[in-house]
Amino acid sequence: MKSTICILSILAFTSCKSDIDNQVNNLATDSISVENFEPSKENNENDNSLPKYKTIKEMFEASYDFSEEMGTLKFISLDESRLHVQVSKPIFEADLKSIVEEQVKRDIVYVAFQTFSQTEIASLTITSVPNSNDNHEKYFDNYRKTVKVTREKALLILRKYLDTDNFSILYENQNGIWIPSKQFNLLKFEKLNEIFNNIISKQK
């Protein structure tokens, strides 16, 4: 009797050990599968070309630089033959006049070259007028400037200051996000007054 019990115990232990070994082997196989898994290479290649938009409205929606809801963007005319946008940067009434005037010019330079870089638009009129940081419906018309800019004029400026015909050099891709490049900052900051004067020269 004792012999029979002993034999049964040995068989049961062997069966359990076999099941455990199988489970361990299965877990090991799963781990190897995960470690050796290679994600699909499809769509892994980055598109290094600057995004282009069909309309200026799409461009503004993608950039978030100005907002209709916050009163910093107005589409005065979306007619291609007389395209006209208004942009604003919030200011405080105590801000230095010289700083505000520079910002107004910078917004015009920025929007002009942004438009020619990211769309096929040939010309547009840009109004820049700051609004109040405390009340976005209040605009400071004493700083208002309105300028018509053409792609041809912008291209001449690009050649003169950056020795290129390629508007896309004004942006660089950083981790999938397109931001203004050093070349663009040269136009907007170091050479701001020169660039703005070139834009408005011979304006009718």
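The values are calculated or read from the model by the stated rules, or taken from the named source; none is laboratory data. Since the model is a prediction, treat every value here as computed from it, not as a measurement. No Cβ is skipped: glycine too gets one built from the backbone with ideal geometry, and neighbour counts run over all protein chains shown.
Table for the structure above
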{"item": "Residues satisfying the stated conditions in segment 116-158, i.e. of a type in the set (S, T, N, Q) and touching a Gly at 6+ places or on another chain (Cβ under 6 Å)", "result": "ASN131"}
{"item": "Qualifying residue in segment 164-186 (condition: acidic (Asp, Glu) and under 22 Å from ASN48 (Cα atoms))", "result": "yes"}
{"item": "Matching residues, segment 53-73, being crowded, with 16+ Cβ neighbours inside 10 Å and not hydroxyl-bearing (Ser, Thr, Tyr)", "result": "ILE56, MET59, PHE60, PHE66, GLY71, LEU73"}
{"item": "Test: residue in segment 96-115 that is surrounded by fewer than 21 Cβ atoms within 10 Å (Cβ to Cβ), acidic (Asp, Glu) and modelled with pLDDT under 95", "result": "no"}
{"item": "Some residue of segment 168-189 being surrounded by fewer than 18 Cβ atoms within 10 Å (Cβ to Cβ), over 19 Å from the mean Cα position of the chain (by Cα) and in a loop (DSSP other than H, G, I, E, B)", "result": "no"}
{"item": "Residue match in segment 144-158 (condition: buried (at least 19 other Cβ atoms within 10 Å of the Cβ), under 25 Å from the mean Cα position of the chain (by Cα), closer than 22 Å to LYS57 by Cα and free of Cβ contacts under 8 Å to residues at least 24 places away in the same chain)", "result": "no"}
{"item": "Residue that is farthest from ILE199 (Cα to Cα) [pool: residues in segment 121-166 that are outside any helix (DSSP H, G or I) and of a type in the set (Gly, Ala, Ser)]", "result": "SER132"}
{"item": "Qualifying residue in segment 164-186 (condition: of a type in the set (Gly, Ala, Ser) and over 20 Å from PHE66 (Cα atoms))", "result": "yes"}
{"item": "Pair list, Cβ under 9 Å, 6 or more apart: segment 59-88 residue closer than 18 Å to VAL147 by Cβ, other residue assigned to a strand (DSSP E or B) and small (Gly, Ala, Ser)", "result": "LEU83/SER77; LEU83/SER123; HIS84/SER77; VAL85/SER77; GLN86/SER128; VAL87/SER128; SER88/SER128"}
{"item": "Selection count where residues are touching a Leu at 6+ places or on another chain (Cβ under 7 Å) and among the aliphatic types (A, V, I, L, M), scope segment 170-204", "result": "1"}
{"item": "Meets criteria (within 27 Å of THR164 (Cα to Cα) and not in a loop (DSSP other than H, G, I, E, B)) for VAL109", "result": "yes"}
{"item": "Residue match in segment 72-91 (condition: out of contact with any Phe, Trp or Tyr (no Cβ under 8 Å at 6 or more places or on another chain), modelled with pLDDT of 95 or more, within 16 Å of HIS136 (Cα to Cα) and not in a strand (DSSP E or B))", "result": "yes"}
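Here's the yes/no breakdown for (1) modelled with pLDDT of 95 or more; (2) within 12 Å of ALA112 (Cα to Cα):
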| site | (1), (2) |
| --- | --- |
| HIS136 | no, no |
| PHE140 | yes, no |
| TYR143 | yes, no |
| ARG151 | yes, yes |
| LEU155 | yes, yes |
| ARG159 | yes, no |
| ASP163 | yes, no |
| ASN166 | yes, no |
| TYR171 | yes, no |
